[in-house]
Amino acid sequence: METNQFEVSLNSKNANEQLKTHLKIPENYEFSSQINEGIKYQTNVKDDFCYVHERYDQYYKGIKIEHSDIRARYLDDALVSINGEYIVTPYIDVSIVLTKEMAIQKAIEHIEAKKIYLGR
């Protein structure tokens, strides 16, 4: 079994960039800390054993990739383990092809609306 070695110590402040480099993740991908549901603005949780658990969402060119979930565990700000689902996606054209107005018109046509209400 091959053991991967990092040239620098991984911690919660540099893990994102170091993992991208070490695992050869393309530049268009990025990871952003998840905010825990029900806990306003909290991105990590400390357990009873003083481990800090942090979860990351995966993005491609700024667009979140669903079903990706990276989980890191730290002790005294040093990375202990990391696991989860990293999704390799082929090249995706993320350019906008519809204006807001075009999207609204297509939705109206699709549901065969007779009247439009754009409430405040």
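What follows is calculated from the coordinates using simple rules that are stated; it is not laboratory data. These numbers come from a predicted model, not from an experiment. Heads up, the Cβs are rebuilt from the backbone with ideal geometry, glycines too, and the neighbour counts pull from every protein chain shown.
Data table
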{"item": "Label-to-label distance, nm, for residues given as Arg71 and Ser95 (7 Å Cα→Cβ offset)", "result": "4.0"}
{"item": "Environment charge at Ile92 (Cβ cut-off 15 Å; Lys +1, Arg +1, Asp -1, Glu -1)", "result": "-2"}
{"item": "Sum of side-chain charges, His67 neighbourhood, beta-carbon under 11 Å (Lys, Arg +1; Asp, Glu -1)", "result": "-3"}
